[in-house]
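See below for the structure under consideration.
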Amino acid sequence: MKTTTGAALLRTLLERQGIHTLAGIPGGAILPFYDALHGSSIRHILARHEQGAGFIAQGMARATGRAAVCVATSGPGATNLLTAIADARLDSVPLVALTGQVPQALIGTDAFQEVDTYGLTLPITKHNFLVRSVAELLETVPLAFQLAESGRPGPVAIDVPKDVLNASITVGALPEPGRVQPPPRCADAPIDELAARLRAAHRPILYLGGGVIGANASALARELSRRLDAPVVSTLMALGAMPDDDERFMGMLGMHGNKGTNLLLQECDLLFAIGARFDDRATGKAAEFCPRATIAHLDIDRAEVGKIKSTALALIGDAADILRRLLDRLGSDEHQRVERRPLAGARGYDTPMSRPAWRARATMLRDAHPLHCPPRAEDPLHPLNLIGFLSEQLPADAIITTDVGQHQMWVAQAYPFRQPRTLLTSGGLGTMGFGVPAAIGAALACPGRRVACVSGDGSILMNLQELATLAELDLPVAILLFNNAHLGLVRQQQELFYGGRYSASRFDRTPDFAAIARGFGLRGVRLDPGGDPLADLADALAQPGPCLIDIPIHDQTNVYPMVPPGAANHQTLTAPELEPALATSSSHD
Amino acid sequence: MTEPLSTASSPNVECNPIGYTRPAPTVLELRVRNHPGTMSHITGLFARRAFNLDAIVCAPEGGGETSRMLLLVADEPRLEQVERQLAKLHDVLSVDVRVDLGPAFFTRLFAAKPA
């Protein structure tokens, strides 16, 4: 039996969860916890804004798959965390957000720095707690980690009033740390049926979502595609699950996906979705998505099945377990065992098709619709050329974070991701300002790995203050700033869909980002388009320590292909017919 | 060429046990953990997912550790989504359909008030 305070108990419970690093900012209501951290084995990363702390924790969680912790005080500390919590919710990232609260006697009195954190976090968390007594911590903290990591991962918020942190408690045995609870096992019958349907399908496609990476099932999904000889499409969140150079990999689907990929989906007769949620950016107009396909859907979250599209076959459970059992039912060269039924009265897309012919069709469509990009020698600072060059400079296990906008889509289209968890990006919420703090978190969680943050001149300013944190920690993070002096994706949409009426998308004055970086204590470089910018880029990347590389890119370059918002995926707009003038223009500044 | 597209007719019963359709309105019975915040979680879910909720009755049971709630979910085309999202809430212990109850159950409660 030992008498301790709530704050010290909280620290001990975090230590027992295996938390060795957390990010936060102190303030009045959470000060007892910070006092307890003094002398703890836990390393505290002092962010410069609570949203930065939230995304540093997200970077740790996304890079490792384990729950990470961010800390803030009551009131503005808590409200500043909200965006990072909501972001974790939409991308199913395990996060435990710890906030101080005013003493319980003051709750409801409009006290200094009082805000209803419980109410604010309720709709954006997987679950949330307001701790009402020091003894509740013994149950709440392990449960928070269990909930954050089990099933479909997500953020959990724990709001702790200051009097709970200060209260004394005599504790006997401490509770076991919260652990991942395995989901209920999927029955055999649907797996049998799926195996039969996959065997009988003429035009199957595997559609991978972020859940494949969350379940550590990437290698199994790749093996399934090999056994079936079936093409694979990926959402933004699943990039890295399939190596980019796999012959069956068709790249990203959806709004900025490959045109050939979106066209192939039109012909599919059996779509097997694995850990994907039929997001509107992936499906386009849902009613016209995969119009000829029967859908089989594997997900750990039952509520995702049938949410957007009618589904013939549901498989609820852990993707790795279900794929393993599915593979057990399929021969080692399943695609060569032709058991396909002839289809009565079938014509056109409905005709029987051998697997090699289907794959050849996929390859033909992919090769017929490449990304359009001028040769590197002609236009080295074209964004797609820059990303290609960047991938040549970085090791295969480098972690790439992005912000949100055109640069994010260019990375998704052109960076050859080869391993899971090497792309960290804000997919669901689309949060500008994600990139720099997430890169800090990834570098903290993966010592020895190279981290690059591809950002834009709009996004970087949204969490610029974390450059101070980065300089202080001296982590191997390179920030590549694609600078077009615009909110580029907004400008693009105004050009394409709002008659070229540009409203609030151009910056009349842009800062000297290299000087700003130097002011924070980082290396700051601006590439000179008139010199040898790629050589300068390679040089900047080769030097140790954090740096910011300001890269001037053309301000009229659009992301193509693009499906107009609300349109069907087969209505993809592509570059050449839309930008004939740009084909000859390559001036940069 | 494809099979009938319906969750309703799925033979996949064990993995998809709530794959049925019923005429609206429907009364759902929830067993929930009884503590502050549970009601917010449930009503907040209906609000943010734009589900329809017409009536609620709630009372603690046993020693007060849990409560039972009856929800009148009226004219909701996505009833299955409602049930599945409710089942995901940590404080919701079970979700069942009360086929024996309808809107009249709720209106009778008010009718019982003395004039």
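Annotations for the structure displayed:
- Residues satisfying the stated conditions in the range A:418-435, i.e. touching a strand residue (DSSP E or B) at 6+ places or on another chain (Cβ under 9 Å) and open to solvent by 10 Å² or more (accessible area, probe 1.4 Å): A:421, A:423, A:432
Each row is one residue, and each column tells you yes or no for (1) buried (at least 18 other Cβ atoms within 10 Å of the Cβ); (2) closer than 30 Å to residue A:472 by Cα; (3) over 28 Å from the mean Cα position of the chain (by Cα).
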position	(1), (2), (3)
A:490	yes, no, no
A:515	no, yes, yes
A:530	no, no, yes
A:541	yes, yes, no
A:548	yes, yes, no
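- Within the range B:86-105, considering residues that are over 10 Å from the mean Cα position of the chain (by Cα) and in a helix (DSSP H, G or I), the one farthest from residue B:38 (Cα to Cα): B:104
- So residue A:275, is it farther than 24 Å from residue A:226 by Cα, buried (at least 22 other Cβ atoms within 10 Å of the Cβ) and more than 10 Å from chain B (Cβ to nearest Cβ): no
- Selected residue [within 28 Å of the chain's Cα centre (by Cα), modelled with pLDDT of 95 or more and not charged (D, E, K, R)] from A:130, A:143: A:143
- The residue that is surrounded by the most Cβ atoms within 10 Å (Cβ to Cβ), among those in the range A:155-177 that are part of a loop (DSSP other than H, G, I, E, B) and in contact with a helix residue (DSSP H, G or I) (Cβ under 7 Å, 6 or more places away or on another chain), is A:167.
- Residue in the range A:287-299 that is surrounded by fewer than 24 Cβ atoms within 10 Å (Cβ to Cβ) and away from every other protein chain (no Cβ under 13 Å) present: yes
- Yes/no for residue B:21 being closer than 24 Å to residue B:102 by Cα, open to solvent by 50 Å² or more (accessible area, probe 1.4 Å) and modelled with pLDDT under 70: yes
- The lone exception for residue A:468 - which of (1) open to solvent by less than 10 Å² (accessible area, probe 1.4 Å); (2) touching a Lys or Arg at 6+ places or on another chain (Cβ under 7 Å) it fails: (1)
- Residue A:81 in a strand (DSSP E or B) and away from every other protein chain (no Cβ under 14 Å): no
- Close Cβ contacts (under 6 Å, 6 or more residues apart or on different chains) running from residues in the range A:241-252 that are among the aromatic types (Phe, Trp, Tyr) to residues that are assigned to a loop (DSSP other than H, G, I, E, B) and at pLDDT 95 or above comprise A:249/A:242.
- Breaking point among (1) away from chain B (no Cβ under 14 Å); (2) over 17 Å from residue B:37 (Cα atoms); (3) open to solvent by less than 60 Å² (accessible area, probe 1.4 Å); (4) in contact (Cβ under 8 Å) with a residue 24 or more places away in the chain, for residue A:148: (1)
- Some residue of the range A:98-111 being within 33 Å of the chain's Cα centre (by Cα) and open to solvent by 40 Å² or more (accessible area, probe 1.4 Å): no
- Residue A:445 being at pLDDT 95 or above and either under 15 Å from residue A:386 (Cα atoms) or surrounded by fewer than 19 Cβ atoms within 10 Å (Cβ to Cβ) (or both): no
- Residues in the range B:26-54 that are part of a loop (DSSP other than H, G, I, E, B) and surrounded by 17 or more Cβ atoms within 10 Å (Cβ to Cβ) were compared, and the one that is nearest to the other protein chains (Cβ to nearest Cβ) is B:37.
- Among the residues of the range B:60-70, just one is on the phi < 0 side of the Ramachandran plot, among the small types (Gly, Ala, Ser) and open to solvent by less than 50 Å² (accessible area, probe 1.4 Å), namely B:67.
- When the range A:4-51 is limited to residues that are within 23 Å of residue A:178 (Cα to Cα) and at pLDDT below 95, the one that is most open to solvent (accessible area, probe 1.4 Å) turns out to be A:41.
- On inspection, residue A:180 qualifies as more than 13 Å from chain B (Cβ to nearest Cβ) and open to solvent by 60 Å² or more (accessible area, probe 1.4 Å).
- Test: residue B:108 is outside any loop (DSSP other than H, G, I, E, B), open to solvent by 50 Å² or more (accessible area, probe 1.4 Å), farther than 26 Å from residue A:155 by Cα and modelled with pLDDT under 95: yes
- Taken over the range A:53-65, the residue count meeting the criterion of being open to solvent by 10 Å² or more (accessible area, probe 1.4 Å) and either of a type in the set (Val, Ile, Thr) or over 13 Å from the mean Cα position of the chain (by Cα) (or both) is 1.
- When each of B:57, B:73, B:92, B:99 is tested for being β-branched (Val, Ile, Thr), in contact with a Leu (Cβ under 8 Å, 6 or more places away or on another chain) and open to solvent by 20 Å² or more (accessible area, probe 1.4 Å), the lone residue that passes is B:57.
- Residue A:282 satisfies every condition listed in (1) open to solvent by less than 40 Å² (accessible area, probe 1.4 Å); (2) within 14 Å of chain B (Cβ to nearest Cβ) except (2).
- Matching option when the condition is aliphatic (A, V, I, L, M) and closer than 23 Å to residue A:217 by Cα, among A:460, A:400, A:387: A:400
- Hits in the range A:310-330 (condition: β-branched (Val, Ile, Thr) and either part of a helix (DSSP H, G or I) or open to solvent by 10 Å² or more (accessible area, probe 1.4 Å) (or both)): A:316, A:322
- Flag for residue A:230 being more than 16 Å from the chain's Cα centre (by Cα) and at the interface with chain B (Cβ under 10 Å from one of its Cβ atoms): no
- When residues in the range A:208-217 are screened for being under 10 Å from residue A:320 (Cβ atoms) and open to solvent by less than 10 Å² (accessible area, probe 1.4 Å), 2 of them pass.
- Listed by first and then second residue, the pairs with beta-carbon distance under 8 Å, at least 6 apart or on different chains, first residue in the range A:429-444 and β-branched (Val, Ile, Thr), second open to solvent by 10 Å² or more (accessible area, probe 1.4 Å), are A:431/A:83; A:431/A:404; A:436/A:464; A:440/A:473; A:440/A:475.
- Residues (more than 18 Å from residue A:440 (Cβ to Cβ) and surrounded by fewer than 24 Cβ atoms within 10 Å (Cβ to Cβ)) located in the range A:66-90: A:75, A:76, A:79, A:82, A:86, A:89, A:90
- Residue match in the range A:134-141 (condition: free of Cβ contacts under 8 Å to residues at least 24 places away in the same chain, within 14 Å of chain B (Cβ to nearest Cβ) and among the β-branched types (Val, Ile, Thr)): yes
The values are calculated or read from the model by the stated rules, or taken from the named source; none is laboratory data. Just so you know, these numbers come straight off a predicted model, no measurement behind them. Positions of Cβ are backbone-derived with ideal geometry, glycine not excepted, and every protein chain shown enters the neighbour counts. The protein model used for the area step is the full one, side chains on, heavy atoms only, and it has no ligands, DNA or RNA in it. Shrake-Rupley method; radii C 1.70, N 1.55, O 1.52, S 1.80 Å.
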